[in-house]
Amino acid sequence: MPGSPIARRRRLSSELRVLREDTGRTAQEVTDALGWSRGKLTHIEQNQWKRPNVRDVEDLLDEYKITDETKREELLTLASQARQRGWWSSFTDALGTGMFVGLEAEARSIRTFEALAIPGLLQTEDYARAVIRGGGFVDEEEISRRVQARMLRKQVLEAKNAPLFWAIIDESALRKVTPELKGQLQHLLDVQRSSVGIQVLPDSIGPHAAMTGSFVILDFPEPDTPVVYLDTGSDELYLEKPAHLERYETLWRYSQAAALSVDESRRFIEELLET
């Protein structure tokens, strides 16, 4: 399986940074030695490139005196894979850069806390359409494109090596499912299995750890490190520093401990369906 080009690019950036640090040289020293423009290597190491240039990767491996053919082949293969285009590249109008979808496609596990809406990977078509329209979109063609992209995203949960997906959903999000959209609540019951779990965070617990807002923690196979994703409404934030990861791991543990169990959550959703 070729994997996600976005995840491959992220890994390549990390690997190249480690190789440079192992030489004890600064990014500027390597940039000067290669005659590159100022900041080029920093952009590479910070994963601010879109389609890696294989020749640039070769030049860096030469500069770092990487002669091991297995290592060279591994990194050059990563560079080639990172140049490919994922299916989401056809939906830049709906998904922007596709960064989150690309990471989602490669994740080993996806843990999400949602305060106001059903998580995208669990949305039905009717509910997704209502949420997108509620977000201020009025052009039916644009709405349909966004719904289509969201439905395609859900394929990640049906893949052969599907990630573990675990969602903690605030009660307020469930209460916003109107009667004509109750198929969404039934879907939350139907979709659950060993690799897809749902817990409800009830209003009855009062203030809780995750009141600052929704977040997603994506874990990847080694050597890739986790990422925390935040959608601010106007921007996407990707947090990778150890302190940030530790903070959101703590928020996740506290939220999960406060939430209803999986069985209790099922009964809660069933009761909502009956009202």
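The values are calculated or read from the model by the stated rules, or taken from the named source; none is laboratory data. If you're wondering where the values come from, they're calculated on a predicted model, not measured in any experiment. Using ideal geometry, Cβ is built from the backbone for each residue, glycine included, and neighbour counts are taken over all protein chains shown. Areas reflect the complete protein model, heavy atoms only, side chains present, ligands, DNA and RNA absent. Shrake-Rupley method; radii C 1.70, N 1.55, O 1.52, S 1.80 Å.
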Practice item. Only residues of the range 203-222 count here: report those whose backbone N is under 20 Å from the spot 7 Å along Cα→Cβ of residue 116, or say none. Key: 203-204, 206-217
**Study point:** Length gained when the stretch residue 267-residue 230 is fully extended (0.36 nm per residue, less Cα-Cα span)
**Key:** 10.4 nm
Review point. Which entries in the list 65/241; 50/154; 71/160 go over 26 Å, if you measure between the two C-alpha atoms of each?
Key: 65/241; 71/160
Review point. How big is the convex hull of the Cα atoms of the chain, per residue, in Å³?
Key: 144 Å³
Revision key, fill the gap. Between the alpha carbon centres of the range 50-80 and the range 147-173 the gap in Å comes to 34 Å
Exercise for review: Roll a 1.4 angstrom probe over the protein heavy atoms and tell me the percent of accessible area of the range 1-124 that is carbon or sulfur.
Suggested key: 47 percent
Revision key, fill the gap. As straight-line cross-link partners of residue 176, the qualifying aspartates and glutamates (C-alpha separation under 13 Å, not fewer than 8 residues apart within one chain) are 114
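Over the range 1-85, with the other protein chains present, what is the accessible area per residue in square angstrom, probe 1.4 angstrom?
Working: 4740 Å² over 85 residues.
Accessible area per residue, the range 1-85: 56 Å².
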Point to revise | Most positive-pole-ward Cα, 147, 76, 189, against dipole of the chain from beta carbon charges | key: 76
Exercise for review: Please calculate the 1.4 Å probe accessible area of residue 40, with all protein chains present, and give it to the nearest 10 Å².
Suggested key: 60 Å²
Exercise for review: Counting only DSSP beta bridges with both residues in the chain, tell me the antiparallel percent, nearest 5.
Suggested key: 50 percent
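Tell me, what is a quarter of the convex hull surface for the C-alpha atoms of the range 126-253, in nm² with one decimal? Please list the in-between numbers first.
Details: hull surface 39.2 nm².
The directionally averaged projection comes out at 9.8 nm².
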Check your understanding: Stretch residue 108-residue 93 to full length: gain in nm at 0.36 nm per residue minus the Cα-Cα span?
Key -> 2.7 nm
Review point. Can you give the net charge of the other residues whose Cβ lies under 12 Å from the Cβ of residue 187, counting K and R as +1 and D and E as -1?
Key: -1
Study note, to complete from the structure: Expressed in square angstrom to the nearest 10, the accessible area of residue 67 with a 1.4 Å probe stands at 110 Å²
**Study point:** Cα→Cβ-extended label distance, 7 Å offset, between residue 23 and residue 142, nm
**Key:** 4.7 nm
